[in-house]
Amino acid sequence: MDRAEDPRLVWGLRIGFALVVLAVWQVTAVRLGENFFAAPGAIVSSAVALLRSGELMHYFVPTLEVLAWGFLLGLAVGIPIGLAIGRWRRLYWVSEGPINLFYTTPLAAVIPIILVILGFGTTTKVFVVFAFVVFSVLINSAAGVRNVDGDLLELARSYGSSEPMLWREILIPSALPFVLVGIRIGIGRALIGAVVAEFYAGISGVGYLIIYYSNRFDVASALVPVGMLIALGVGSTAGLKRLQEWLTPWASEARV
Amino acid sequence: MVGVATDERSATGGRRAVRLPSRVEERLWWASGLVLVVVVWQVYAMLSTSSLIVGPWEVVEATGDLIASGELWEYAQSSALSFAIGMLIGSVSGLVIGLLVGRFRLVEITLDPYISALYATPLVAIIPVLIVLLGFGPLSKIVIVSIFVFFPVAINTAAGVKEVPRDLLELADSFCSREMLTWRDVVVPSALPFIVTGLRLSVGRGLIGVVVAEFETAVTGLGYLILSKSRRFLMAESLVPVVVLMIAGFVLYSLLKRVEDGMLERRRGL
Amino acid sequence: MAQIRAENVEKHFGHVQALGRLHLEVETNEFVSVLGPSGCGKTTLLRIVAGLVPPDGGTVYVDGEPVTGPRPNTTLVFQHFRLLPWRTAEDNVAYGLRLRGMAKRQAREEVRPYIEMVGLEGFEKSYPYQLSGGMQQRVGLARALAIDPEILLMDEPFGALDAQTREVMQEELLRIWNATHKTVVFVTHSIDEALVLSDKVVVMAARPGRIIETIEVPFPRPRPTNLRADPVFAQLRTRMWELLRTTEPEETGVAGG
Ligand SMILES: Nc1ncnc2c1ncn2[C@@H]1O[C@H](COP(=O)(O)OP(=O)(O)OP(=O)(O)O)[C@@H](O)[C@H]1O
Ligand SMILES: [Mg+2]
């Protein structure tokens, strides 16, 4: 990283590697059955077909809606509660056990049960995304506040800071890098929650599209929404990195 | 002179000063938090008129039933086996690739963008596809778990290798250590805590992989147990495997966390 | 009446006795320097006087009233700067004014003279990590001066500065002190600095932290720049040096006094 590397070498290697993988894949798949084993060529033509018919967008938009609602709800609940838990230690102690328990639970396992209770609608999906997001945001926000430098708390005290000013000048800026890490982890989990929920709840969303084509053994078409999800995952992660650099120019990445 | 309200905590010289009584207090609060959750859940279930809302006591009873009938054991075994094999394959391959990426700049340049991209992807999306390709047997589950586990281990291992102190590598070079020996003596031991971090983070993902795969294959395993019971509205019984998974995840996570903390502590002691 | 009076002040950290039965009096508008070996309790003394930590025994009186917490008329310049990493230099300097309810824009306006005084024009928008140690220290200094306190407690405020900047800052400090009638308690490791600046120098020893000698500095003000050539200066300097050199830690647990 420290040496300036020739970009031609860098991109040559990367693209070369991708081409080799694609070529091997294409040759093997064509030998074994082009559609079933989803040769790259077959995926591209399926993608074109799905885009042309508008099917892809038709299924993609509801996923984005579910994601947005669940994610925003998760932030709206997770950040304030996490900050409060980080500030008041009794609250922290009381909630630490349950929160860790919920955080380490494979939440995907609960989805069929949530489905039975909340029904096969959008509510279920939003709730699932919310549940996937909220704990990582909450845990990281709390860690951020608890991680505040005690010397700075003393500084604030020596200048007679009020509690609101303490939050504004010290606690929130100090927690911000952690909150952003929580959000980044949360986005990843939100995507997982949305997809799994859509596997089972109702007939909309990219998750459903994947199941639909898989059940028809049309692997090439099933992989098209997967590609969308890869783009969404990579895009949102990159976007958050940007946001992080912009919002917390003083901090290198916080580690939790 | 204005008396400024002081924060009692720091006025007594920071948290350290009030250690002893507060540690007991901390334990009490901690325990009461867990008790509170169980009590609230039980009361809510008792007040609820819906038969779909079951309380902890019913789950305990259902656990007894499922153990007695041998169902729980049978399904848990199937999940555990796939999980363990998948974990093993995924972490070994993650380790190898991670070491290569961390140590050789050209490998890093080539693979890093792809590994990062797939790490950011919700890989659950490929589960239905993989099952179509690999069938409904344990092979699908094992492959899925391996893929899920591979990425956190590879990424953390690579990060660990890159953190190997430069002067230690120079030391090895100054003794004309051969590459393989340098790996054994310097690179791997120094990256070990990171590798354990990767393993810790992959436990949760691996469990998700197993469960969702079992939802899809619907033949056996704890995931299938959840699905089949909840479809017949046997809510208490469907929660039993959830609790088992919860405990498994929590225990494995805490165990690896402890190993990791121990390593870091010993390192700091040196 | 002394503006600051510490009576029998004691402080322990675990089994370390940081301060043992310490007495100190500082008059209004007096400039007192505190000199002592590392770890003798200088920082601890200032934190107690500032009301940041309570003493385990004894009392500190300011203006005749016992100290129970931080007071708005007192400011501590911290040894290790303590800047807010997420605020620019000017916003760090404005911190105290902002806490007093001043709007951001006005506070920035108000602190401009202080930023100029410490020689940081052009660095207003820099974050602490973009500043050198000496520059960060000057930000901390300006932050304390900006709220114009009556009592200024300074914990090695020039420790990170180069010799030239240090002298400029010393002169500035004296000018401000003269113009605004502040009371200053000034911790330093430099005997020369203490002699040049102060009315009175207290010399401390460690384990337990205590004052072993109080020396009045007889030079009239304003003091000439060639003060160091004065034979009395050399004499005092030698005496303090001897004092600092010979302070052996006493047995712990014995109350000094
Ligand atoms: N918060 C604390 N916890 C434990 N021990 C402390 C604490 N603060 C100070 N001490 C101990 O009290 C003694 C005095 O510390 P203090 O910081 O007051 O020394 P100092 O004279 O300011 O030293 P220096 O010149 O190095 O800044 C030291 O032995 C130190 O280890
Ligand atoms: Mg000190």
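Restricting the range C:6-35 to residues that are within 16 Å of ligand 2 (Cβ to nearest atom) and open to solvent by 50 Å² or more (accessible area, probe 1.4 Å), which is nearest to C:P208 (Cα to Cα)? Per the stated criteria, the residue is C:V16. Just one residue in the set A:I172, A:I139, A:I111 is in a helix (DSSP H, G or I), within 11 Å of chain B (Cβ to nearest Cβ) and either within 30 Å of C:P72 (Cβ to Cβ) or within 22 Å of the chain's Cα centre (by Cα) (or both); that residue is A:I111. Scanning the range A:154-161 for residues that are more than 10 Å from chain C (Cβ to nearest Cβ) and charged (D, E, K, R) turns up nothing. Among the residues of the range B:111-147, the one identified as facing chain A (nearest Cβ under 9 Å), over 19 Å from A:I211 (Cα atoms), in contact with a Gly (Cβ under 8 Å, 6 or more places away or on another chain) and buried (at least 18 other Cβ atoms within 10 Å of the Cβ) is B:A120. Would you confirm whether or not the range A:148-161 contains a residue that is hydroxyl-bearing (S, T, Y) and not in a helix (DSSP H, G or I)? Yes, the range A:148-161 contains at least one residue that is hydroxyl-bearing (S, T, Y) and not in a helix (DSSP H, G or I).
So, C:T28, is that one in contact (Cβ under 8 Å) with a residue 12 or more places away in the chain, closer than 24 Å to C:D199 by Cα, within 16 Å of ligand 1 (Cβ to nearest atom) and polar (S, T, N, Q) or not?
Numbers: in contact (Cβ under 8 Å) with a residue 12 or more places away in the chain: yes; closer than 24 Å to C:D199 by Cα: yes; within 16 Å of ligand 1 (Cβ to nearest atom): no; polar (S, T, N, Q): yes.
Criteria not met by C:T28.
Do you know which residues across the range B:198-236 are among the hydroxyl-bearing types (S, T, Y), crowded, with 23+ Cβ neighbours inside 10 Å and at the interface with chain A (Cβ under 10 Å from one of its Cβ atoms)?
Applying the first criterion (among the hydroxyl-bearing types (S, T, Y)) to the range B:198-236 yields B:202, B:217, B:220, B:224, B:228, B:230.
Within this subset, residues satisfying the condition of being crowded, with 23+ Cβ neighbours inside 10 Å are B:202, B:230.
Matches in the range B:198-236: B:S230 only.
Rundown of residues vs (1) assigned to a loop (DSSP other than H, G, I, E, B); (2) open to solvent by less than 60 Å² (accessible area, probe 1.4 Å); (3) of a type outside the set (A, V, I, L, M, F, W, C), yes/no style:
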| site | (1), (2), (3) |
| --- | --- |
| A:L72 | no, no, no |
| A:G78 | no, yes, yes |
| A:W93 | no, yes, no |
| A:G97 | no, yes, yes |
| A:Y103 | no, yes, yes |
| A:T123 | no, no, yes |
| A:V129 | no, yes, no |
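Check whether at least one residue in the range A:25-46 is under 18 Å from A:G188 (Cα atoms), open to solvent by less than 60 Å² (accessible area, probe 1.4 Å) and either modelled with pLDDT of 90 or more or in a helix (DSSP H, G or I) (or both), and report yes or no. Checked the range A:25-46: no residue is under 18 Å from A:G188 (Cα atoms), open to solvent by less than 60 Å² (accessible area, probe 1.4 Å) and either modelled with pLDDT of 90 or more or in a helix (DSSP H, G or I) (or both). Here are some conditions: (1) under 23 Å from the mean Cα position of the chain (by Cα); (2) facing chain B (nearest Cβ under 9 Å). A:V224 meets all but one. Which one does it not meet? Every listed condition holds for A:V224 apart from (2).
If we only count helices (runs of 4 or more DSSP H) wholly inside the range B:1-94, which ones have 2 or more residues that are at pLDDT below 95, more than 13 Å from chain A (Cβ to nearest Cβ) and surrounded by 17 or more Cβ atoms within 10 Å (Cβ to Cβ)?
Once the helices (runs of 4 or more DSSP H) in the range B:1-94 are filtered for at least 2 residues that are at pLDDT below 95, more than 13 Å from chain A (Cβ to nearest Cβ) and surrounded by 17 or more Cβ atoms within 10 Å (Cβ to Cβ), what remains is B:56-68.
In this entry, C:G133 is excluded by the filter for residues that are within 16 Å of ligand 1 (Cβ to nearest atom) and buried (at least 20 other Cβ atoms within 10 Å of the Cβ). Among the conditions (1) more than 16 Å from ligand 1 (Cβ to nearest atom); (2) within 12 Å of chain A (Cβ to nearest Cβ), C:H80 misses just one, which is (1). Of all the numbered requirements in (1) more than 15 Å from the chain's Cα centre (by Cα); (2) of a type outside the set (V, I, T); (3) not in a strand (DSSP E or B), C:G58 misses one, and that requirement is (3). Annotation: C:P157 fulfils all but one of (1) assigned to a helix (DSSP H, G or I); (2) within 16 Å of ligand 1 (Cβ to nearest atom); (3) not hydroxyl-bearing (S, T, Y); the unmet one is (1). Among the residues making up the range C:74-87, those that are under 24 Å from A:T248 (Cα atoms), crowded, with 20+ Cβ neighbours inside 10 Å and either aliphatic (A, V, I, L, M) or away from ligand 2 (no atom under 16 Å from the Cβ) (or both) are C:L83, C:L84, C:W86, C:R87. Does at least one position in the range C:165-188 carry a residue that is open to solvent by 30 Å² or more (accessible area, probe 1.4 Å) and within 16 Å of ligand 1 (Cβ to nearest atom)? So far as the range C:165-188 goes, no, none of its residues is open to solvent by 30 Å² or more (accessible area, probe 1.4 Å) and within 16 Å of ligand 1 (Cβ to nearest atom). A count restricted to the range C:142-164 and to residues that are within 16 Å of ligand 2 (Cβ to nearest atom) and either more than 12 Å from every other protein chain (Cβ to nearest Cβ) or in contact with a Pro (Cβ under 6 Å, 6 or more places away or on another chain) (or both) stands at 6. If you go through the range C:107-126 one residue at a time, do you hit one that is part of a helix (DSSP H, G or I), buried (at least 16 other Cβ atoms within 10 Å of the Cβ), within 14 Å of chain A (Cβ to nearest Cβ) and within 16 Å of ligand 1 (Cβ to nearest atom)? For the range C:107-126, residues part of a helix (DSSP H, G or I), buried (at least 16 other Cβ atoms within 10 Å of the Cβ), within 14 Å of chain A (Cβ to nearest Cβ) and within 16 Å of ligand 1 (Cβ to nearest atom): absent. Has the range C:48-56 got at least one residue that is open to solvent by 50 Å² or more (accessible area, probe 1.4 Å), within 14 Å of another protein chain (Cβ to nearest Cβ) and within 16 Å of ligand 2 (Cβ to nearest atom)? Scanning the range C:48-56, I find no residue that is open to solvent by 50 Å² or more (accessible area, probe 1.4 Å), within 14 Å of another protein chain (Cβ to nearest Cβ) and within 16 Å of ligand 2 (Cβ to nearest atom), so the answer is no.
Of everything listed in (1) within 16 Å of ligand 2 (Cβ to nearest atom); (2) among the small types (G, A, S); (3) within 13 Å of another protein chain (Cβ to nearest Cβ); (4) surrounded by fewer than 21 Cβ atoms within 10 Å (Cβ to Cβ), the single unmet condition for C:S38 is (3).
The values are calculated or read from the model by the stated rules, or taken from the named source; none is laboratory data. Not measured: the values here are computed from a predicted model. Glycine also receives a Cβ, built like all others from the backbone with ideal geometry; neighbour counts cover every protein chain displayed. For accessibility, only protein heavy atoms count, side chains too; no ligands or nucleic acids. Shrake-Rupley method; radii C 1.70, N 1.55, O 1.52, S 1.80 Å.
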